[in-house]
Every structure is written in structure tokens, then in C-alpha cells.
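The values are calculated or read from the model by the stated rules, or taken from the named source; none is laboratory data. What you see is a predicted model, and the numbers here were worked out from it, not measured in a lab. Positions of Cβ are backbone-derived with ideal geometry, glycine not excepted, and every protein chain shown enters the neighbour counts. Note: areas computed on protein heavy atoms with side chains; ligands, DNA, RNA excluded. Shrake-Rupley method; radii C 1.70, N 1.55, O 1.52, S 1.80 Å.
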Amino acid sequence: MDSYYLGIDVGSGSVKVMLTDSHGEPSGVASSGYETCYPQQGHVEQNSDDWYGATCIAVREVIHKSQIAAAHVMGIGLSGTSHIPSMLDEKFQLVRPAILWSDIRSDAQVRRLTDEFGEFIAERTQNSVNCTWSLPQLAWVREHEPEVFSRIRHVFFSKDYLAYRLTGELMADYSSAVSSLMVNTDSLDWNHDLLNLAGLRPESVPAIQSSTTVVGGLTLSAASDLGLRAGTPVVSGMLDSAAELIGVGATDTSVAVIRLGTAGGVMALTSGPEWRKGCMLYPHPVRPLWYYQAGTNAATTSLQWVLRLLGMDTVDAGYDDVDNLVGQVPAGVDGLLFHPYLLGERAPYWSSRIRGGFSGVTINHGRPAFLRAVQEGVAFSLRDCAELLNWDAVSDIRLCGGGAKSLAWCQIIADVLGLPVDQMYVQDASALGAALVAIAGCGEADLSLLAQGSVKTSFRIEPDMANHDTYNSGFQKYGEIARQYLRTFD
């Protein structure tokens, strides 16, 4: 009987499910979206139960489209967006919506935690406090919603809530636990003092295991909802960024990864945990590796935003159409610049208050110019991120995420960096990484060898050095204007 595995990735706006065979070869993919709520300026929330509902829809769809029997699915792996706390009461019912990584309401808590405990936190986590982490998010709930907080008995981070809904078991993996900012990097276990800063007790958080640990089997009700057999093993998995590393075969320090997803990010591997200015540090699924990530908040989000502004979101504006329009405009867009700070910004400014926009606009700039300016602005932001990392050991840069389907955008990134980049054959690297961890967790293969053997690049994109010279000048102006934005709004 042929064996198949499901990778389930809980993203910022939808669940993506990928079906692969036992060698990691994709056989099908499906997705289902859910609502993101913005109840106040800077507040970004989702209902964690929506992740489960979307998972059920996407799993049934991919099984139907692939025309395989449910009995052939041998295991399920999970990945999910980072830093999202799901808060539950003593009956395991959600007490409030989950707070997303892009939420910036906890700015005051970040400043207080930094002033009073910043050195203590950095020494134990090798990370600095910012609004992305769960610790200040929970501190905000404790201070602003005390009645809600008093009912919290359990907290799951990111995809670990989905693991609970599927299996009824409580477990975190190393990366999802670290995304809380309440774990010691030396022991990879919960730090009781940091839990106390969030108002949590040790029994409020799940045990931490490796990414390839089997959490449990599908419950009868979950199996019925998904259309799969009860008892199908569910493997713990990892954060979406960690899954992307597996999905592009980044299992040693020679490979760096650039994500063009809802958010953008640059990731580089390292052999051990050490604080690095402007970066976030997480454990790699292949131990004992770690990885740094420097991120920008609004990558494809910026492109989707400008498409709405230009009235192009109501038509079938795929990346081929966008690429054709972008190709009509020269590199540098005749001085038009875009700063993608629509949701504040992470690296390198770490400001929830900074705002972005267009500058250098003239009467001659039309729709194609604004589209290209947005793609170049995101590429400049990614270069800001890249300059925070150590590239000495890197020989390959691999692009993934939905935006990497745009050949024009990949070329712009290569030109802005002045370095060759590899466009991956499968851009949905996090869902693929989740499927690969399912295969490894069910004992079919070593995760590192599986990732290296199953990943395919589409082709290498060489930089146009004439464009690179243009972008060097543009990047200097971009930085000057960014610092002005920071002074004006922060």
C-alpha cells in the first residue's frame, strides 16, 4: 500500500495542506482561509478555532483532489505562524481571541520589560523584547483584561493549539515554545521566572519535545471532521520559519533563506545560541543547529495592499500579470521609493510606531511604477535585514513563500543584493517542511537527509550588476528616508 503524509501549515491568513508520498514528493495541495480581526488600531487577532475549521476543509479538499484513500495517510506534520498565544480556561475553552505576531498593542509592556528586565531576559533567551513575542502580549492581557486573564489555565503557542484539537494531547516543540520568550536557550525548557513575568504557572504550559515527536493519534471526532482514520499519528512539527528551512533543504550553515510571504524574512543558520543585535533566534529542527531571523512585517501584504488601492484585487491579477506590468518600468522607478512599514517594522528599526509610504512621486508615475516601487521597497527592507546577519559561510540563497512565484520580484531581490538567488521548485516550503517532519516523525527517514534529498530548486537567478549599481544609490536614499520616518513617527 502506498504511503502518504500531510503537512499542515497554519499561516497568517489561511491553512495550507500539502500531501506528499513517503519520499517527500508533493502529490497535492489545498488551502482554506479565515478572518483576521482588527478591533482597534494596532490590534490583530484571530479565533484559534478557525484554524481547526479551515484545516478540516483543506484536508478533505486535498484528499478529494488527489483521489487517494484516507487509509493511505500514514501521518500528519504541523507548522504554524510564530508567537501566537491561545489562552484557555480550566475546561480547555478559549477565553479570548489569539493575538498575532503583527499585533503592536504591547508597546508599553515591551518598554517596561526592557527597562526592568531586558538584560535578564536576553541572558536567558538570547533575544530582545519586542511586540512580536508572546511574553509582552500576555502581559498586556494581564494588565488590560484582568477578568479574562484570571480565567486562563492553559496557554498554547502557535500550531500547538491545533495539535491539541487534533489529538487531545498537550505538547509544544522547541521552536514554538521559544517563540513565547519564556524558555532558557541552554536547557530548552521553561524558565519559571519568565513565566512569572507573564503571570503564568509552570502547569499552564505544555511539555516541550522535539519537532519529530508524535504528539498522539487523531481522536475519533477529529478523524471524522478531517475524513481520515482515527489514530493517524500527528507529529509535533515546528514554527513556519523552521519548516521553511526544512522545506528548502537548509540544514547547514552554507544555506541562507529569504521568505517572501505575508511577512518577509531573512534566515541564516548558526551552530549555537548567541544574542545578535536586531535578530530573533530560534532552535532549528535539526539539532544542535539554531537560526537567526531578521524580518520585515509586510512583504506580500504590501503588494496585496497596493493592488487593492489600484483596483486590481477584483480581477485575476496573478503574478504573471504583475510581472508584465513591473517589466515595463526600469530599475529604480525613476526615483519612486516605497517603505513597507504598513504594520510598523521589525528589523532593523523594531518600532511599532514607524510608518511608511511612497516618496519621490511625479506626475509621470503610473500603475506599473507603483507596483515595481512596492516590490523594490520590500527588497530594500530585506537587504536591511540581510545586513544584520553573518554571510561568511553562505554559498546558497534560497527564496520561498508565495511572493517567490513572481520571477520579476526574485530578479529584483537578486539585483538589490547583488547576489545570485535560487527560486525554489516548491514555494510553499512551510507546508512541505511540515510533511517532511511527518515522514521523519513516523520513522520513515532521517529529517536532515530527507530535507536534503527531496528539495528541488527551479533555477538560479543571477544579478544584473548594472541594476545593482542603480539599487545601491536607491538603497542609500531609502535608508535616509527610513530614518526620517523613524524620527517623525517614533
Calculated Rg and Dmax of region 1-60 using C-alpha coordinates, Å:
14.4, 53
Rounded to two decimal places and with Rh computed the Kirkwood way over Cα pairs, what is Rg over Rh for region 100-232?
1.02
Over what distance in Å are the Cα centres of region 163-196 and region 75-145 separated?
12
Given the C-alpha centroids of region 280-297 and region 366-384, what is the distance between them in whole angstrom?
26
Ordering Thr167, Thr36 from largest to smallest accessible area (1.4 angstrom probe), what's the sequence?
Thr36, Thr167
Sort 400-409, 270-279, 118-127 for me by packing, meaning the mean count of neighbouring Cβ atoms within 10 Å per residue, highest on top.
400-409, 118-127, 270-279
With N denoting the number of residues in the chain, provide Rg(C-alpha) divided by 2.2 N^0.38 Å, to two decimal places.
0.93
Leu371: accessible area at probe 1.4 Å, nearest 10 Å²?
0
Taking H placed 1.01 Å from N in the peptide plane, check which residues at least 5 places from Leu218 or on another chain put their amide H under 5 Å from its amide H.
Gly231, Thr232, Val234
Accessible area per residue, 1.4 Å probe, Å², for the chain: what's the number?
37
Relative contact order, percent, of the chain when contacts are C-alpha pairs under 8 Å separated by at least 6 residues?
17
Magnitude of the charge dipole, the chain, Cβ model with Lys/Arg +1 and Asp/Glu -1, debye to 20:
600
Estimated 222 nm signal from helices in the chain, with DSSP H stretches of n ≥ 4 weighted -39500 (n - 2.57), rounded to 500
-11500 deg cm²/dmol
10 Å-binned pair-distance histogram of region 391-474 (Cα, whole percent):
17, 38, 28, 12, 4, 0
Beta bridge orientation in the chain: antiparallel %, DSSP, nearest 5
70
Heads up, region 220-289 by the C-alpha gyration tensor (a ≥ b ≥ c square roots of eigenvalues; a/c under 1.5 rounded, else a/b over b/c prolate, else oblate) looks prolate
For region 322-407, what does the equivalent ellipsoid look like in terms of its semi-axes, each the square root of 5 times an eigenvalue of the Cα gyration tensor, given largest first in whole Å?
24, 19, 11
At a 1.4 Å probe, what is the % contribution of carbon and sulfur to the accessible area of the chain?
48
